[in-house]
1. Looking at region 327-372, which GluC sites (Glu not before Pro) are in a loop (DSSP not H, G, I, E or B) and have at most 11 other Cβ atoms within 10 Å?
2. Running Debye on region 121-182 with equal point scatterers at the Cα sites and no solvent, what base-10 log of I(q)/I(0) appears at q = 0.26, 0.30 Å⁻¹?
3. DSSP loop (so not H, G, I, E, B), at most 14 other Cβ within 10 Å: list which trypsin sites (Lys or Arg not before Pro) in region 245-314 pass both filters.
4. How are the Cα pair distances of region 43-197 distributed, in percent, across 10 Å bins from 0?
5. Looking at region 342-418, which trypsin sites (Lys or Arg not before Pro) are in a loop (DSSP not H, G, I, E or B) and have at most 11 other Cβ atoms within 10 Å?
6. Of all the C-alpha pairs in region 185-303, what % are more than 17 Å from each other?
Amino acid sequence: MNTIRVLFTMLLVSLTTQWNFSQEEGEDSDRLLATVNGVEIHESDVIGSLVGSAGIQQEQRAKYIEHALKQAIDNELLYQAGIKEGLDKDPTYLKQLEMQKRMAVHREVESLATFYEQNVEGLRAARDRDAITDEECEDYYAQNQTRYKGRSKDRALRIIRSQLANKRYRSFYAEFFIELVKETTCSVAGQSIDSDVLLESADRSLNMSETRPSDADPFWVAVLDAAGVDMPEPTTGPPGEIDEELKGTIGKITVKIGNDEVTLGDSHQIDSLVSSVQNGRLGSELFYLFKPYIVVQKAVQEGVDKDPAFLKEKEQMSAITGAGMGGGMGFDKRLLVNLVVQNQGFYKIENYEVTAEEVEAYSTEHGHRYERLRQRPKGEERVLKMITRILKSQKAETAKDDYITILRDSGDVQIHEE
């Protein structure tokens, strides 16, 4: 273990002193930092999310790299342990993996829609709080003083400025989106969904039209009708229980928005959609699921998906979520690592025993942090429960570290200086 610690130190010195040079010289190398039972961990796996962070101080960067490289090695060891145990074939893992894939597709659509909206000049201007005049704020305050009782006038005016800006943005956004809807085509099973249906659904959701809870969303009604699905009788089952037969039926519905087709069964929100149908609510969840797809039609039409700024943002986000803490892992590895830790019981902190002596020792050392809480009703009892939970969590983390140490010692972990 001492040898690995020494090699870590030497590697960190090498990384932190060479980082700025590689940035300036535009090197395209991806140096090998470590191998775990033959699996390589490269520089991009560890410091990918530091790209563009030249302002970070050398000491902070060194600490980040030390933590991130250790995390990358630990995660690889846990992942390999999971593969050995056959957890990559576990039904729970496969179900979670499929869900993550669905979410990844939807997140990509959402990211493009968000990027497009953020760069629409009118929307950007509508978000500007400074465009709200002092006169507008004063007039609103004069007419609604009772709403801000107990606040100073200056504080009330600041709140009002934000409220008026938000109201203006919502109004402008509704107009912007409704224009997109007018250009959007929608169909289910080859049957076209009338644009007026989408327009009514958008108006209800975005303009917060007054509707009774029993009022079914027109988009939902049109989709079910086109798919030939009859509304079932409201469920009498326990809350949260999903009708699997209905889920199979709803899951087969494919909605086409412009050029994009989405099968509801592939949506990460399928359970929520089924619950809405079986409870007879038919709210705005289906509209909001497809809302970013409507925006994306316009974004692609205008070539925003090829915009260098969007591609750069997409790459940076991928680096942030895929490197460092995740050790360059995709969500498949991340899920398997979590399953290994879960199966080992490290998340079940109630399984760890804490003695009264340990609680007392912790309270003596850190008790000053909880003085205010102790003054509240049942404060001492709440503090003791909190300390007990902290100590159990620490023991769980120690148990996890010990498990990883066994994996490390029984395997072949090498830190590479060059």
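Taken together, the values in this text are just the output of simple stated rules run on the coordinates, not laboratory data. Only a predicted model underlies this, so the values are computations on that prediction, with no experimental measurement involved. Note: ideal-geometry Cβ built from the backbone for every residue, glycine included; neighbour counts use all protein chains shown.
1. Numbers: sites: GLU350, GLU353, GLU357, GLU358, GLU360, GLU365, GLU371; in loops: GLU353.
Listed in order of number, the matching sites are GLU353.
2. Values returned for q = 0.26, 0.30 Å⁻¹ are -1.02, -1.20.
3. Passing both the DSSP loop test and the Cβ count: LYS252.
4. 8, 16, 19, 20, 22, 12, 2, 0
5. Values: sites: LYS348, ARG369, ARG372, ARG374, LYS378, ARG382, LYS385, ARG389, LYS392, LYS395, LYS400, ARG408; in loops: LYS348, LYS378.
Passing sites in region 342-418 are LYS348, LYS378.
6. Values: 3899 of 7021 pairs.
So the portion of pairs separated by more than 17 Å is 56 percent.
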